[in-house]
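Novice: What follows is a single structure, and I will ask about it in a moment.
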Amino acid sequence: MQFSELGLSAELLRAIGEQGYTTPTPVQAQAIPHILAGRDLEALAQTGTGKTAAFVLPLLQRLSQASPSPLQKVGHSAPRVLVLVPTRELAAQVLASVRSYGAHTGLRALAVFGGVGINPQIQSLRRGIDILVATPGRLLDHLNQRTADLSQVQTLVLDEADRMFDMGFIRDIRRIIERLPKQRQNLMFSATFAAEVRELAHAVLQNPALVEVARRNAPAELVTHSVIKVDKEQKRDLLLHLFAAHGWHQVLVFCRTKHGSDALARRLEQAGIRTAALHGNKSQNARTRALADFKAGKLAALVATDIAARGLDIDSLPRVVNFELPNVPEDYVHRIGRTGRAGASGEALSLVSSDERIQLRDIERLLKREIASSVLPGFEPQHTHAVPRPSAGRPPAHKPALARNRSGGGARPGAPRPARAGGGGAKPAGHHSGQRHR
Ligand code: AMP
């Protein structure tokens with residue numbers, strides 16, 4: 001399947017070519033014809049599947065082909081497409097996609113979200129736009145101040161609908177929907193079809209086409225998962241060691257708390273690893289700058305909390321490190337969805353201490369597989385990892401092996417002799433010197 005077979009206009013094909021895309025991803029191939037035909041759509045697609053282009057491209061086409069109203073002719077248009085997203089970062093990313101795919105269409109887009117001044121947004125809204133990308137809270141502020149006019153909206157997109165629920169936006173969304181014209185196209189994208197998402201879909205979508213490109217909670221297939229078992233107090237040193245030994249340059253590191261991410265970011269910086277922290281207490285400017293620097297390869301590490309990292313779109317991110325496992329196993333899937341995107345391979349490495357064994361077990365249950373684990377010489381955990389694992393009692397998958405000495409990176413001075421360990425699962429990428437350990 002080629003993009004040209006989807007019936008997209010020459011302006012859009014040109015922009016797609018400039019992005020370097022050759023073929024549509026499955027969600028694009030399936031969704032674009034329905035959206036072009038004006039149908040409602042319910043799509044089960046995670047970040048990383050190309051879902052943004054799947055709705056942005058056909059909507060740009062429909063907007064460019066619609067005949068302009070008298071007001072639009074003089075440039076004072078109210079938005080005809082409204083895209084609601086859960087986070088500021090996702091709003092900025094969707095806007096960037098709209099602008100790059102729409103570069104040759106002359107259509108105008110704007111993103112409104114909190115954490116930045118409202119006045120520039122008001123001025124842009126006044127000048128007129130075609131596509132509005134918004135987080136619910138800030139859009140409601142605009143509606144309350146009557147600085148946004150939703151009376152011309154022809155298409156509503158609910159992006160990452162499941163995240164909207166997780167973040168408690170459902171009432172805001174319902175209030176926004178009440179302000180939209182009844183007659184409109186509705187598109188909903190979600191990574192899961194949890195009961196509440198289905199309920200919203202039922203209430204909002206009219207006879208929708210269904211598109212499903214990922215199994216529920218199916219992580220990107222091309223991601224290698226691995227675990228290094230280590231004591232909590234040793235995690236920072238182990239992370240520093242991994243950076244030094246492997247020359248890592250673009251790693252997204254997840255922590256559970258804002259405080260923890262700040263502390264870890266400081267420690268990495270002290271060790272000369274260029275790092276920024278990304279979490280909800282940072283100003284929007286700091287968040288935007290951190291993300292831009294990370295994307296541009298100026299930072300070796302971005303330390304983030306789950307909320308802050310939602311919807312991050314970073315092309316071919318090679319590695320995600322879980323410095324701490326998330327409490328909710330689904331967040332593991334969201335975290336690693338940042339790597340192994342659009343066909344690239346990636347590595348998801350988790351540093352797991354004995355107090356996290358329950359989280360690890362829950363994640364393995366969700367993934368329906370065990371994650372290969374290892375211990376690094378010099379970082380052997382002293383606390384027991386004896387875990388009530390789903391596979392307890394199963395014989396090891398292959399013979400015990402002795403750990404090899406690190407070459408290049410060098411074993412830590414004074415590292416204890418490697419212990420024997422049983423093995424199981426796939427070889428963890430990136431830290432080959434660790435012995436197997438279950
Ligand atoms: P999304 O799921 O929208 O967050 O997109 C994930 C990534 O895939 C983004 O970095 C896009 O630039 C990229 N992408 C989208 N469509 C294609 C395509 N047809 N071919 C290659 N990459 C794509």
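The values are calculated or read from the model by the stated rules, or taken from the named source; none is laboratory data. Note that the coordinates shown come from a computational prediction; the quantities given were computed from them, not determined experimentally. Cβ sites come from the backbone with ideal geometry, for glycine too, and all protein chains shown count toward neighbours. Protein only, heavy atoms only, side chains kept; ligands, DNA and RNA dropped before computing areas. Shrake-Rupley method; radii C 1.70, N 1.55, O 1.52, S 1.80 Å.
Novice: Quick one: how many residues across the stretch 18-42 are open to solvent by less than 60 Å² (accessible area, probe 1.4 Å) and within 11 Å of the ligand (Cβ to nearest atom)?
Specialist: Within the stretch 18-42, residues that are open to solvent by less than 60 Å² (accessible area, probe 1.4 Å) and within 11 Å of the ligand (Cβ to nearest atom) number 7.
Novice: Scanning for something of a type in the set (Lys, Arg) and closer than 19 Å to residue 95 by Cα, does the stretch 115-126 turn up at least one residue?
Specialist: The answer is yes, given that some residue of the stretch 115-126 is of a type in the set (Lys, Arg) and closer than 19 Å to residue 95 by Cα.
Novice: Right, another one. Under 24 Å from residue 175 (Cβ atoms), away from the ligand (no atom under 16 Å from the Cβ) and in contact with an Asp or Glu (Cβ under 7 Å, 6 or more places away or on another chain), is that true of residue 80?
Specialist: The answer is yes for residue 80.
Novice: How many residues are near the ligand (Cβ under 7 Å from one of its atoms) and in contact with a Phe, Trp or Tyr (Cβ under 7 Å, 6 or more places away or on another chain) if we restrict to the stretch 46-64?
Specialist: Of the residues in that region, 2 qualify.
Novice: Now, a different point. Looking only at residues in the stretch 1-11 that are within 12 Å of the ligand (Cβ to nearest atom) and surrounded by 13 or more Cβ atoms within 10 Å (Cβ to Cβ), which one is farthest from residue 35 (Cα to Cα)?
Specialist: Of all residues in the stretch 1-11, those within 12 Å of the ligand (Cβ to nearest atom) come to 1-3, 6, 8.
Filter again for surrounded by 13 or more Cβ atoms within 10 Å (Cβ to Cβ), leaving 3, 6, 8.
Numbers: 3: 15, 6: 11, 8: 11 Å.
Here the answer is 3.
Novice: May I pose another question? Among the candidates 207, 186, 217, which residue alone is modelled with pLDDT of 90 or more and closer than 21 Å to residue 46 by Cα?
Specialist: The match here is 186.
Novice: Now a separate question. Only one of (1) within 22 Å of the chain's Cα centre (by Cα); (2) under 15 Å from residue 349 (Cα atoms) is not met by residue 242, so which one is it?
Specialist: Result: residue 242 passes all but (1).
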